[in-house]
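Only one structure is covered here, and it is reproduced in the block below.
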Amino acid sequence: MSKFTYELARERKFITKKNIFIFAAIVLVCAAIWLFYALAPNGGTAEIKLDGELYETVDFASLEAAKEIFIDPNLAGGVELTITADSTGISVTRATCPDKTCVETGKIVRAGEVIICLPAKLSITVSGASDADAITY
Amino acid sequence: MKLETRRIAFIGLLAALAIVFSFLEGLLPPLPFLPHGAKLGLSNIVTMFAAGTTGIFSAIAIAVIKGIFAFLTRGVTAGIMSLFGGILSTLVMWIILKKTKASLSVVGVGGALTHNLAQLTTAFFLTRAAAFYYAPFMLILGVITGLLTGAVLKISLPPLMKVSKHFGIEKAGGKTKHE
């Protein structure tokens, strides 16, 4: 059995001024990146990738009606996935994985936004504007 | 009861507590502004506590038990992430405790950031670059939960010291210092 390390923790301070400064710096830098994400313009196409390989590119901004994409479970670690895209964005609407994180992420539309389904090794990334933008906006 | 027996029982209690924390965390509603699937890492409180009291081996054992629990209840991916993140963060917290004189908040934040980075790395291997979109969210979350775990350790140590004999936690080297 290991030696007790109780003494190691007992006599320490909780925080120092220097610590606060470092933590604040980390949070500020991350918050700035976050703001940058939030202000990104809407994208027009989405890349669906499985295991890092491009599976399909969807030009969702120019869709007139909702489009459903079914992912072959054999390519996605046995997970059945339904992706729904329409002109307002793209989302995973059904997944048979245990955690359902990808479904809960909801619809994405801003350039750079990502949906990830780890059990299926799936990622959906919104990228730049589509050709349809000239007409739509 | 023998000291060793008490200590083993205490480590068992800590492991149960770690599982309860990770279960309760799953019941929380998704955090506003944060990516879905982001976890607070509350059970880090327990592994940090264990690393600071009963030692590195028991702390790692608790991380492994927690990983097995995640594997059984939330699937393979969650299990790998919990195991990888749990063991690495426990190691980092213990090294900071052992090798530096850094404050407890640094120990907590160091552990939480390691936990989140390990999970991001796992996500990166599964999906490639896409996972890094979540990095800033995970880092902010790491600082917040790290401060929380550090604070819990700071608050819970003095009362625990008073009852330490009952749990088989004796002061290292038999020293009796008082704050």
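Observations on the structure shown:
- Averaged over the residues of B:99-107, the number of partner chain Cβ atoms lying within 10 Å of the residue Cβ comes to 5.
- Kirkwood-type hydrodynamic radius, the protein assembly as shown: 21.1 Å, calculated from all non-identical alpha-carbon pairs.
- Percent of Cα pairs in region A:48-127 per distance bin of 10 Å, from zero to the largest separation: 20, 58, 21, 0.
- Here the Karplus relation 6.51 cos²θ - 1.76 cosθ + 1.60, evaluated at θ = phi - 60°, turns the backbone of region B:141-153 into coupling constants of 4, x, 5, 5, 5, x, 4, 4, 5, x, 5, 4, 5 Hz, with x for every Gly and Pro.
- Ordering of A:15-21, B:138-144, A:49-55, A:85-91 by packing is B:138-144, A:85-91, A:49-55, A:15-21, highest average first (other Cβ atoms within 10 Å, averaged per residue).
- Residue-averaged 222 nm ellipticity for the protein assembly as shown, from DSSP H runs of 4+ at -39500 (n - 2.57), nearest 500: -17500 deg cm²/dmol
- Close amide-amide hydrogen proximity is noted between A:Thr93 and A:Thr82, A:Ile83, A:Thr84, each under 5 Å apart and 5 or more residues distant or on a separate chain (H modeled in the peptide plane; Pro and chain starts excluded).
- Take the accessible area of chain B alone and of chain A alone, subtract that of the pair, and you get about 4600 Å² summed over both chains, using a 1.4 Å probe.
- The smallest convex shape that holds all Cα atoms of region B:39-111, its convex hull, gives 70 Å³ per residue.
- Both numbers refer to the Cα atoms of chain A; Rg and Dmax are 21.3, 71 Å.
- Our coupling estimate for region A:116-126, obtained by passing each phi through the Karplus curve with A = 6.51, B = -1.76, C = 1.60 and θ = phi - 60°, is 10, 10, 5, x, 8, 6, 9, 9, 10, 10, 7 Hz, Gly and Pro reported as x.
The values are calculated or read from the model by the stated rules, or taken from the named source; none is laboratory data. Quick caveat, the model's predicted, so the values are computed rather than measured. Ideal geometry is used to build each Cβ from the backbone, glycine not excepted, and the neighbour counts take in all protein chains shown. Accessible surface is based on the protein model in full, side chains and every heavy atom, while ligands, DNA and RNA are left aside. Shrake-Rupley method; radii C 1.70, N 1.55, O 1.52, S 1.80 Å.
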